[in-house]
1. Restricted to the range 32-69, and to residues that are of a type in the set (S, T, N, Q) and near the ligand (Cβ under 8 Å from one of its atoms), which residue is nearest to residue 260 (Cα to Cα)?
2. Could you tell me whether the range 126-143 includes any residue that is under 14 Å from the mean Cα position of the chain (by Cα) and not hydrophobic (A, V, I, L, M, F, W, C)?
3. Test residue 17 against the criterion of being more than 16 Å from the chain's Cα centre (by Cα) and at pLDDT 95 or above, and give yes or no.
4. If you go through the range 140-178 one residue at a time, how many are closer than 21 Å to residue 203 by Cα and exposed (fewer than 15 other Cβ atoms within 10 Å of the Cβ)?
5. Which residues, counting only those in the range 60-79, are closer than 13 Å to residue 16 by Cα, hydrophobic (A, V, I, L, M, F, W, C) and in a strand (DSSP E or B)?
6. Among the residues that make up the range 196-203, is at least one of them over 16 Å from the mean Cα position of the chain (by Cα), free of Cβ contacts under 8 Å to residues at least 40 places away in the same chain, farther than 25 Å from residue 58 by Cα and not assigned by TED's automatic domain parsing to the domain that holds residue 224?
7. Which is small (Gly, Ala, Ser), at pLDDT below 95 and within 16 Å of the ligand (Cβ to nearest atom), of 137, 152, 180, 126?
8. Hey, could you check the range 123-138 for residues that are of a type in the set (S, T, N, Q) and part of a helix (DSSP H, G or I) and say which is surrounded by the most Cβ atoms within 10 Å (Cβ to Cβ)?
Amino acid sequence: MASHRFDTAGATTRIEPARLTGATVAFGDRVLWSGLDLVVDPGEFIAVLGPNGVGKTTLLRVLLGQIALTAGTAMVAGRPVRRGSTHIGYIPQQRSLETTAPIRGRDLVGMGIDGHKWGFARFSRSRRRRIDEAIASVGATAFAHVPLTMTSGGEQQRLRIAQALVTNPQLLLCDEPLSSLDLRHQQDVTRLIDNACRTRNLGVLFVTHEINPVLPYVDRVVYVAGGKVCVGTPDEVLRSDVLSELYGSHVEVFHHGDRIIVLADEERSSHLHAPEISDKPKEIG
Ligand SMILES: Nc1ncnc2c1ncn2[C@@H]1O[C@H](COP(=O)(O)OP(=O)(O)OP(=O)(O)O)[C@@H](O)[C@H]1O
């Protein structure tokens, strides 16, 4: 894991992408999670895991400045969180990109620089270069000029990653970027994000229900369940005893070849799961 960034003068400057201290989020009487201490290092790939509805997206929204902590502090790039920070690249949970407007991939990537504003900035040479570089870095050059409606889900996800990277952020927040992708595209997208993490020295928080495609790449996991959060390496956290304590009910972690399968007894922990509650054990990863 890289932990230092080199400036142009060759001196080492350490920029901390994110830091949460004693972080707690509650909505009314409902405490979503509490007491989270987490420092995201430069070049560190962290997976955020846990069942539905426990507050994984909320964690990203805290760092985006969209949800205020009930207690504790949240910093991004050494400063208190604020909305609209260019230090953050964000890949939101997948929404359909279908639109009647003739938007192309490179338009989408450009929106990472200037939102949905259209104007003279569109024609600046440096802006064009940044967009071209971001598109090339995710291997999307061949289809960046095609209307988005004519691109596949995997191609759109590459363009979303380029959009998140175009401001050269220090922190990349990814909210279930693997959903709706087949295994090959899950692996491609995970590799791309890992490559951005290592080569750009940026911190990555990657929310996912698919543990196995990301396992080869992650440095640490943040596991949210039962109103609590556990942070550590996959070997430290993805264990039956650790997760049973976190869930407050029996959880089995199986190793099958390279794969990890987490089975939680939904009946006993159904209050942790939303909205589809099953009386069968649920495979989380
Ligand atoms: N602004 C808000 N006000 C009240 N409740 C909220 C707010 N934002 C989120 N919640 C609730 O907090 C809970 C956690 O939501 P969140 O989307 O963070 O969960 P998640 O772990 O990302 O779930 P999933 O895996 O299903 O995407 C949900 O029950 C949600 O309805």
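The values are calculated or read from the model by the stated rules, or taken from the named source; none is laboratory data. Predicted, not measured: the structure shown is a model, and the values here were computed from it. Glycine also receives a Cβ, built like all others from the backbone with ideal geometry; neighbour counts cover every protein chain displayed.
1. 52
2. no
3. Spelling it out, it is not the case that residue 17 is more than 16 Å from the chain's Cα centre (by Cα) and at pLDDT 95 or above.
4. Residues meeting the conditions: 1.
5. Within the range 60-79, 74, 75, 76 qualify.
6. The answer is no, given that none of the residues of the range 196-203 is over 16 Å from the mean Cα position of the chain (by Cα), free of Cβ contacts under 8 Å to residues at least 40 places away in the same chain, farther than 25 Å from residue 58 by Cα and not assigned by TED's automatic domain parsing to the domain that holds residue 224.
7. 180
8. This residue is 137.
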